[in-house]
Each structure stands twice: as structure tokens, then as C-alpha cells.
Amino acid sequence: MREINASIPFDKRLWKQDIAGSKAHVAMLAKQGIVSAEDAQAISQGLDTVAAEYEANGVPVNLDLEDIHMVTESRLAELIGPVAGRLHTARSRNDQVATDFRLWVRDAIDEVEAGLDALQQALLARAEEHADAVMPGFTHLQSAQPVTLGHHLMAYHAMVRRDRSRFADARERLNECPLGAAALAGTGFPIDRHATAAALGFAKPTDNSLDSVSDRDFALDYLMAATQLSLHLSRLAEEFIIWASQPFGFIKLPDAYSTGSSIMPQKRNPDAAELVRGHAGRIMGCMNALCVTMKGLPLAYSKDMQDDKPPVFEAHDLLGLSIAAMTGMIETVTFRTDRMRALAESGFATATDLADWLVREANVPFREAHHITGRAVAAAESAGTPLADLPIETLKAIDARIDDRIYAVLTVDASVASRKSHGGTAPDQVRARIAQARKEKA
Ligand code: ARG
């Protein structure tokens, strides 16, 4: 029982929030005349001493005392005597832990936000640097149309922008204080829940005591936002892994984020990217764990809910590492833009430009233009040249309406420059979107 019941091995991470919640609670009890000003002061000072001890020596893990709330209260009693027992007036561990955990998740969201800001700065800087660099754009991982590397990186900026809005949204919904809901039904003491909510930086107290102690939506909101973010980080990690492979050769990952092989001296393995991809799986597992823990619980508190914390702590630690590693890789990766350009030029990636030219300049219906272009690609393929190197006689033999002006659209640079629609890959569009992102932030 002692071992299965104890949460102190992991919920000691809530100690700062637990002390802050208790200090707000006891100050309110004094203000409402529920405990004397003198007792409240002794309790508050005692809590400061406990906090200083935790800061210096860590939280003692005593399984007999079960959890962070009991460990702290018991140390407080050792320090100030029986008056410590007045702290738990008009409160239960049920509303106490719900408050502590909300405070913790709120701080966690702020940490993620800071990390994502740095990640976006890194993406913007590298995208600006490579706004003109042409690379193959893919569908089905087959060369499709040329795009710019800046545009590709800005796609991830757009994903992270949505992630940030999900975390901000989660933070806002989280920011109501359950303290004072007591065990499940509220309390008969004349407490002031608005005062404790304000003291702890919450927008307001929660409105239903049963929901207050049984709700873990805030933790799920965090895990779901973390899941979606980790999914994005994993997709970028996957691209880096593919791009770093010899057949692609689009990037060289810095030594700081790669490892060698113990047997193959030539190896430079993209371990950090692989772990970002791997961690995404674990983070999704944490989200799933808490969903399944919560799905069958009747109101109000059940001890199953003590299992809410390990998956959130684990996901947060993994996410912090993933964000930092990905930011570091983006900042330091070498993009081999010569290689990207060569591959963009070799895959007939301007075929659509040829078809579009026939529609625009020769008034050919697009479907027909598509067939004509298919024949041009076949000719280039058998000649072993890029489309732009086919002689005009060959092109004219395929369709007489083609003339010399076609060469202006067959280069990859002309192709990307032409895609000026809002959000398109043209370098000027990419620079405009970078400027927009910087302005939105300022
Ligand atoms: N350690 C518990 C948890 O994390 C605190 C709440 C305990 N409440 C109770 N009635 N046993 O959920």
C-alpha cells in the first residue's frame, strides 16, 4: 500500500506551486478572520523556511508521507508546532493538487512558448538567408515543381505559429483557480475564492466545485498541443534525416548534433533528429495515457487522477529537449544549395511551367497542354537532358505553337519567380511573408 499509494517520488516537482498555493490560502484565511493574523504569519514564515530547505537540499522523499502536500505540512509542523495544522482549514488535498498542477502546467506552457519563439526566430533567419535558393518541391516524395528553401522552411514556421496559438488558448482556458472547492462540495467557512485566485495570478475562481476537483482538461489541453507540436517537429526531423542521407545530400548536419559509428568510420548519423522523431511517439503516448486514465472516472476525485502527473512531466521534458535540439539543428545545419539546385534542374520540375506557357501564350486548353508537355518530357528523358536544353526544333516538332520564348520559363529560377500568388514560392513572396511574421510579433 505504501508504495502504490505514494506520489512523492514524482509530485515533489510541484513543491514551488504547493508552497505558493498554501501561502495564498493562509493569507486569505487571515484576511477573512478564519485564522488569527499571528498564526497566519507563523505559517507563512514557516512555509518560506520549508521552501528554502527544498531549494537547498531538494524535497525529502518519504513514502510514508505519501505526497508533496503531506511532506510539506509535516515539515511545517516540525518547524512551527501544532499551529501548522490550521493551514488545512477550508481546504482539501483535492482542490490543493488541482491548483498546484494548474500552476505547474501554466509555467510549463510559458516555457514552451519561449522555446517556440526561439525556434521561429531560427526558422525566419535561415528562410531569409535562403529566400532565393531553389530546391525540388515534392509530392509523393517525387520531384514536383521547384520551390525555394526559404519557402520550405517557412512552411514549418506556419505550423509552429498554429502550435503557439494552441498553447496560448490552453493557457487561457486553464487560468481559473480551483482552490476553495475543497474536497468536492465547497466549504462552509467564509472563504474568499476571488482573493486566492487573484493572488495566484488566475483570472477568476472556477464555477463548479465538483468539476474543479475532477477536471484535468488543462493537462489534456497541454498534452494535445504538445502532441501536435511534436508531430510537426517530427516531420521536420524526418526531412532532415532524409536530406542528410547520401543519395539526397541536401544538408550536412553539424558534428554537435550527429554521432559517429563505433564500427563504420565514415558514418555521421543524424541521432538528434532521430530522437526528436522518436520522442514524438512517446509524447503521443503520454497524451493517450492521460485520456485513457480519465475516460471512465465518475465525479468527483478518484485516486486514478494521481496518475495524471507522470505523463505530463515526461511529455514536457521530452518536448523541451526536442524544441532545443531542433532549434540548434536549424541554426547550425549546412544547406547544400548547389546540390538542391542540381536536383531541381534534373527532375523535369519545370514541366508544369511549359504547360502553363502553352495555355497562356498559345491559348491551348490545359489538358491538351498537359499531353504536349508529357511528350516533351519523354523527349528530354530519352535525350538525357533537362527540358531547358531541348533544341527548339525538337520542341516545335512536338507542337508547332512552341517558340523561342519558352526558354524563359523552363529554368528553375524563372519557375519559382513566376509563382507570385499570395503564399506562393516566389522569393519576393517568401520575403514578404518573413516580413509579415516579424511584424506580427513586434
Ligand atoms: N497525491 C494526490 C494526487 O496527486 C493528492 C490528492 C489526494 N486526495 C485524496 N483524497 N487522497 O492526486
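All of the numbers you see were taken from the coordinates with simple rules; none came from a lab. All values derive from a computational prediction rather than experimental measurement. No Cβ is skipped: glycine too gets one built from the backbone with ideal geometry, and neighbour counts run over all protein chains shown.
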Quiz item: What is the packing order of peptides 429-436, 174-181, taking the mean over residues of other C-beta atoms within 10 Å and listing the highest first?
Solution: 174-181, 429-436
Self-check item: Inter-part distance where segment 124-173 and segment 298-327 are each reduced to a Cα centre, Å
Solution: 28 Å
Exercise. Compute the long axis of helix 37-57 from its Cα atoms, compare it with the longest principal axis of the Cα atoms of the chain, and write down the angle in degrees, 0 to 90, nearest 10.
Key: 50 degrees
Practice problem: Using only Cα atoms, tell me the angle between helix 93-129 and the longest principal axis of the chain; keep it within 0 to 90° and round to the nearest 10. | Solution: 20 degrees
Quiz prompt | Alpha carbon Rg of segment 345-441, scaled by the compact-globule rule 2.2 N^0.38 Å | solution = 1.26
Practice problem: Quick one: among 367, 277, 162, which has the greatest mean-square fluctuation in a GNM of the chain with alpha-carbon springs under 10 angstrom? | Solution: 367
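How many Å³ per residue does the convex hull of the Cα positions in segment 251-306 occupy?
Looking at segment 251-306, the number lands at 128 Å³ per residue.
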Quiz item: Given q = 0.06, 0.10, 0.11 Å⁻¹, what are the Debye log10 I(q)/I(0) values for the chain, with equal point scatterers placed on the Cα positions and solvent ignored?
Solution: -0.41, -0.82, -0.91
Quiz item: For the Cα atoms of the chain, what angle does the longest principal axis make with the long axis of helix 427-441, in degrees from 0 to 90, nearest 10?
Solution: 10 degrees
Exercise. Sum -39500 (n - 2.57) across every DSSP H segment of at least 4 residues in the chain, then divide by the residue count to get the 222 nm mean residue ellipticity, nearest 500.
Key: -21000 deg cm²/dmol
Exercise. With a point put 7 Å past each Cα toward its Cβ, work out how far residue 144 is from residue 432 in nm, to one decimal.
Key: 2.2 nm
Quiz item: How large is Rg/Rh for segment 119-168, to two decimals, with Cα atoms and a Kirkwood Rh?
Solution: 1.07
Quiz prompt | Highest to lowest packing among 393-403, 20-30, 261-271, scored as the average C-beta count within 10 Å | solution = 20-30, 393-403, 261-271
Quiz item: Can you give the FRET efficiency for residue 362 and residue 192, using 1/(1 + (r/R0)^6), R0 = 60 Å, r = Cβ-Cβ distance, to the nearest 0.05?
Solution: 0.15
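Order of 253-260, 82-89 by packing, highest average Cβ count within 10 Å first? Please report the intermediate quantities before stating the final value.
Details: 253-260: 14.8, 82-89: 16.2.
Put in order of decreasing packing, that is 82-89, 253-260.
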Quiz item: Rg (Å, one decimal) plus Dmax (Å, integer) for the alpha carbons of segment 1-89?
Solution: 13.1, 40
Quiz item: Picking from 215, 404, 338, which is most flexible by a Gaussian network model of the chain using Cα springs under 10 Å?
Solution: 404
Practice problem: Give me the Kirkwood hydrodynamic radius of segment 94-343, using the inverse of the mean 1/r over all pairs of distinct Cα atoms, in Å to one decimal. | Solution: 20.2 Å
Practice problem: Check the straight Cα-Cα distances from residue 12 and name the lysines below 30 Å, setting aside those fewer than 8 residues away within the same chain. | Solution: 23, 31, 204, 295, 303, 309
Self-check item: Length-normalised contact order of segment 84-189 in % [C-alpha pairs under 8 Å, at least 6 apart]
Solution: 43 percent
Quiz prompt | Fraction of antiparallel bridges per DSSP, the chain only, in percent to nearest 5 | solution = 80 percent
